[in-house]
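Chemist: My structure is below; once you've seen it, I'll send some questions.
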Amino acid sequence: MKLLIISAAWLPEFWHGGKVLSPPMCLPVLAALTPRGPEIHLVDENVEPVNLQEEADLVAISAMTASAPRAYEIADSFRARGVPVVMGGMHPSALPEEAAQHADAVVIGEAENQWAQVLADFAAGHPQRFYHAEERPTLTDVPLPRRDLLHQDRYLAPNLVQTARGCPHACSFCSVSPVFGRKYRFRPVPEVIEEIRALGSRSVGFPDDNIVGRPARARELFEALIPLRVQWAGQGDLSMAKDEELLNLMARSGCLAMFVGIESLCAESLATAHKQPNIGLDLEQAIATIHRHGIDLVGSFVFGLEGDKPDLFRKTVAFAERVKLAAAQFSVLTPFPGTPIYEQFKAEGRITSFDWSRYTMGTVVYQPHNMTGAELAAGRKYAYGHFYSLPSMARRLLVRRGTKTSWALRTAANWSYRRRLRGGKIADSLPCEDMPAPAAGGPRMHQRLCREAAKPGGTPPGGASAADLP
Ligand code: SF4
């Protein structure tokens, strides 16, 4: 039996060939869960093309929302040749009935407790339409991901090691707790350490959604990492700043950088989005505390939350520069199916596009509350244009923080964002011509607004000129 496991491409406008950041771990994890026997071929469409004529006995396709249309296209093509298809991942888990129109079976949720049954049912020729395990899997004794089946050389950071799943918070725009639950599930620390040792690499990335969410467990993990002398990056929430002992351990365990959800400077937006860890937190002080421990921060901002007004773009860029974030990601609020905000916007009739390929976090697909979609799109362009301008980069990069490796990573990240911005791969991913036009000036004026906003020195929608920035 030959099993073809595919991760469908998403954000093709971001990455054109070359290396991509990291592999979709669902591929090597699913391969590891496959009982001995089938020949397995993994294809990450972000780094290699899918051969639609490839011979296979079963095709498994994983899809996120933005990649769902492409995943359906691939599925339809294989099924037209009589090859059965099973689909899973974030989007099919959120909208299983939709996915079932393109697949012989849909796996809802995590694969661990279901995959062996799926394979047995397909082998016997009678798969179920849906697989949905009652219980979420424990993360004990999970087999090591089959990284050997990936093109590891096509990733900048191939060594991802998951240590936990789930998040106790329930931010309205986030898919993590709907899919993985609000209860943390941890892998035993010795198993994590064993996997890192087996990698034989000094660099590790932890894709956990919130590695510091349970401080006691985080401490146990970080203490165990110290003897390994690895350097690592991960994701977490800003509440870690309240625990200096934890930050100290993080730094000693080799933490170079953390990706943190700052989300919004607007208190009303944080409250309506239920971004619990940030509510009432002095963001500036929290960031300074983490920086004092030599840990770089990549801040993630979401524009278009319910309290956001057009002046927020200018304030956000000024803030991100003032606190000297190593890098920042500016997304537009995206109501992913399965999230509370999707249900809310759908009920309110505010979703303007159900074309999932636009759900890239760079395209406005809903009607914002306090601004037009056009202003939101232009505001994001403005933020990228200013934050990755040479003067801003110089101010943020020339800081004494962390190690030489931190400086190199910080610089590489900024040049990468700037190159993609200038190449149009960030800014042009916003189809401004499709946005509702501003009240005056029509679409042409709106496109000009978008171009101008992205230029250093340009004017944010509804805000003062860049010269007025504090
Ligand atoms: S804290 Fe982060 S991972 Fe947890 S629900 Fe909020 S956005 Fe998602």
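Chemist: If I ask for residues that are closer than 12 Å to Ala60 by Cβ and either among the aromatic types (Phe, Trp, Tyr) or at pLDDT below 95 (or both), which ones from the range 30-42 would you list?
Modeler: Scanning the range 30-42 gives a single hit, Pro38.
Chemist: Could you tell me which residue of the range 184-242 is surrounded by the fewest Cβ atoms within 10 Å (Cβ to Cβ), considering only residues that are of a type in the set (Lys, Arg) and within 16 Å of the ligand (Cβ to nearest atom)?
Modeler: Lys242
Chemist: Restricting attention to the range 91-114, which residues are surrounded by fewer than 22 Cβ atoms within 10 Å (Cβ to Cβ) and assigned to a helix (DSSP H, G or I)?
Modeler: Correct list: Ala94, Pro96, Glu97, Glu98, Ala100.
Chemist: Return the residue satisfying two criteria in turn: it lies in the range 318-340 and is surrounded by 20 or more Cβ atoms within 10 Å (Cβ to Cβ) and in contact with a Leu (Cβ under 7 Å, 6 or more places away or on another chain), and of such residues it is farthest from Gly181 (Cα to Cα).
Modeler: Phe319
Chemist: Turning to a different aspect of this structure: With under 30 Å from Arg422 (Cα atoms) and in contact with a strand residue (DSSP E or B) (Cβ under 7 Å, 6 or more places away or on another chain) as the only criterion, which of Pro49, Pro24, Pro69 stands out?
Modeler: Pro24
For (1) modelled with pLDDT of 95 or more; (2) away from the ligand (no atom under 16 Å from the Cβ), each residue gets a yes or a no:
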position	(1), (2)
Asn278	no, no
Gln285	yes, yes
Thr289	yes, yes
Phe301	yes, no
Gly304	yes, no
Gly307	yes, yes
Leu312	yes, yes
Thr316	yes, yes
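Chemist: I'm checking my understanding of the structure. Among residues of the range 162-176 that are closer than 21 Å to Val192 by Cα and more than 6 Å from the ligand (Cβ to nearest atom), which one is surrounded by the fewest Cβ atoms within 10 Å (Cβ to Cβ)?
Modeler: Checked the range 162-176; the qualifying residue surrounded by the fewest Cβ atoms within 10 Å (Cβ to Cβ) is Gln162.
Chemist: Now, a different point. Pick from the range 349-381 the residues that are among the basic types (Lys, Arg) and buried (at least 24 other Cβ atoms within 10 Å of the Cβ): which of them is nearest to the chain's Cα centre (by Cα)?
Modeler: Applying the filter and picking the extreme gives Arg380.
The values are calculated or read from the model by the stated rules, or taken from the named source; none is laboratory data. Fair warning: this is a prediction, and the values are worked out from it, not measured in the lab. All Cβ positions, even for glycine, are placed from backbone atoms using ideal geometry, and neighbour counts span all protein chains on display.
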